[in-house]
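Just so you know, all these numbers are worked out from the coordinates, no wet-lab data involved. No experiment lies behind these values; they were computed from the predicted model shown. Cβ coordinates were reconstructed from backbone atoms using ideal geometry, including for glycine residues, and neighbour counts include every protein chain displayed.
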């Protein structure tokens, strides 16, 4: 099982949902970078379950830095982040040792790892493993800010309710900073939460779409073929559990445009080259053009629902049914937002190093 991503700056994930601890190792960070543990804690709080729209599993998610930081600064050696699991309830998963949950990786894991995988709570495939990404990503976000680059993600849609898209990108990113439920039009928050609760009341779940903007990324970053900005970001973003689609700029809307509509006209403005529109999402030929990077991620509904579902017994391959117990999120899009910010920051910091 490969668990490392990145080139000059690489992140490795470890742990299982119901094991003793989870975490990440961030390697390649140069020495002397400030590590703000209060900021790490704040970022972790944005991934936590909150209220009735999230799982009832309540983890403290206190990050312990075991190596790579001394007197509040990076030493240049690998940084190890450890997060103890404290609120497991493994008894809820006894039946799942042999029944594959629809929408989960259970069957694929069974085939790949021959039944030796930790199935409790999804094991290493669980969304809980993203806590390590958020801890490492907090350091990357801080390092990017020192370079004048900021990242922000909002919930563009959830349960059929739609937020507005980015307008003044820098201002909108700033407005999202630290917001627990990340929408640009705050009037949409209660509508989205109501849609989540409606699904929950029926034992079901909802998905959504996240929209991310990166401001301040310089022009000229990226490669024209296999290490394109879109390629590296997509590689990492598709590693976030439940992300099933990524599009940049106008994305699939390009298919219904003419070239005269889709092309972004260039102009000189206050001594710098800009484009009048940003259908390309800040990337041309796989390389940044100095405009804000814009992309969207489709997040599927939480697969753990409380309705009876058809499945198979993995021991016998006979058809059967399954009713999932335990504590599960009726939506994860609001918690995935900070994970997408973190992954984005890790990829871009690597590319700038």
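When the Gaussian network model of the chain links Cα atoms closer than 10 Å, the mean-square fluctuations of 112, 170, 244 top out at 112.
Overall shape of the chain was characterised from the C-alpha gyration tensor. The equivalent ellipsoid obtained from it has semi-axes of 34, 25, 19 Å, in decreasing order.
Judged by the gyration tensor of its Cα atoms, with axes a ≥ b ≥ c, region 113-173 is oblate; a/c meets the 1.5 cut and b/c is at least as large as a/b. Over the chain, dividing the summed -39,500 (n - 2.57) contributions of all DSSP H runs of at least 4 residues by the number of residues returns a 222 nm mean residue ellipticity of -8000 deg cm²/dmol.
For the options 135, 182, 60, a Gaussian network treatment of the chain with springs between C-alpha atoms closer than 10 Å singles out 60 as fluctuating the most. For residue 219 and residue 107, the difference between the fully extended length at 0.36 nm per residue and the C-alpha to C-alpha distance is 35.9 nm.
Ranked by how many other Cβ atoms sit within 10 Å of their own Cβ, fewest first, the residues 212, 288 fall in the order 288, 212.
From least to most packed, judged by other beta carbons within 10 angstrom and beginning with the fewest, 82, 192 follow the order 82, 192.
Among 49, 187, 165, the largest mean-square fluctuation in a Gaussian network model of the chain, built with springs joining Cα atoms closer than 10 Å, belongs to 187.
Give the angle, between 0 and 90 degrees and rounded to the nearest 10, that separates the Cα long axis of helix 37-47 from the longest principal axis of the Cα atoms of the chain. The angle comes out near 60 degrees.
For the pair region 1-44 / region 197-255, the C-alpha centres are spaced 21 Å from each other. Residues 63, 206, 273 in ascending order of nearby Cβ atoms (within 10 Å, fewest first): 273, 63, 206.
Distance from the alpha carbon centroid of region 46-75 to that of region 132-149 works out to 14 angstrom.
For region 1-150, the relative contact order is 32 percent, taking Cα pairs closer than 8 Å that sit 6 or more residues apart in sequence and dividing their mean separation by the residue count. Judged by the ratio a/c of the largest to the smallest principal axis of the C-alpha gyration tensor, region 283-353 counts as prolate, that ratio being 1.5 or greater while a/b is larger than b/c.
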